[in-house]
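Structure, as structure tokens:
Coordinate-derived values only; no laboratory data. Worth saying up front: this structure is predicted, and the values here are computed from it rather than measured. Don't worry about glycine lacking a Cβ; one is built from the backbone with ideal geometry, like all the others, and counts go over all protein chains shown.
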Amino acid sequence: MTVIVEFSVIPLGEGTSVSRFVARAIKALEDAGVKHVSTPMGTIVEAGSLDEALRYVRMAHEAVFEAGAKRVITVIKIDDRRDVERSMEDKLRSLEMALRDLEHEKR
């Protein structure tokens, strides 16, 4: 089973630029060897179970506190599909194929 989780860790009261805090969260994931993708609005992780994925989110959340934040909000979106094994790359390939199909329909 593969669980894909998108989350955003938001330190409150730390000004308008929070990249130094987000960098700590990402570094914690990298140090743990977690498969992840960073986007401008959040981070996506892939794990073998929901418990594992939530451990990764907690790791990033705690890293922001360790970086000095006094208050942290973490928003989580979970994709837990149990009928087929899907990775982040599989989902992107599926989207690319659907886009190609749309292009062919136009012709």
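Points worth noting:
- Cα-based Lys pair tally, the chain, threshold under 27 Å, eight or more apart or on separate chains: 8
- Between helix 88-106 and the chain there is an angle of about 40 degrees, using the helix long axis and the longest principal axis of the Cα atoms.
- Top positive-direction residue, dipole computed over the stretch 3-106 with Cβ charges, set Ile26, Val37, Ile73: Ile73
- Förster-model FRET efficiency, 25 Å R0, Met1 and Arg58, C-beta, rounded to 0.05: 0.80
- Between the helical axis of 50-66 and the longest alpha-carbon principal axis of the chain there is an angle of about 40 degrees.
- Across the stretch 3-106, C-alpha contacts under 8 Å between residues 6 or more apart give a mean separation that, scaled by the residue count, equals a relative contact order of 40 percent.
- Degrees, to the nearest 10: 19-31 long Cα axis against longest axis of the chain: 70 degrees
- The label point for Ser19 and the one for His104, both projected 7 Å from the Cα toward the Cβ, are 4.2 nm apart.
- Under the simplified labelling scheme, the Arg71-Ser94 pair shows an inter-label distance of 3.9 nm, with each label point 7 Å from Cα along Cα→Cβ.
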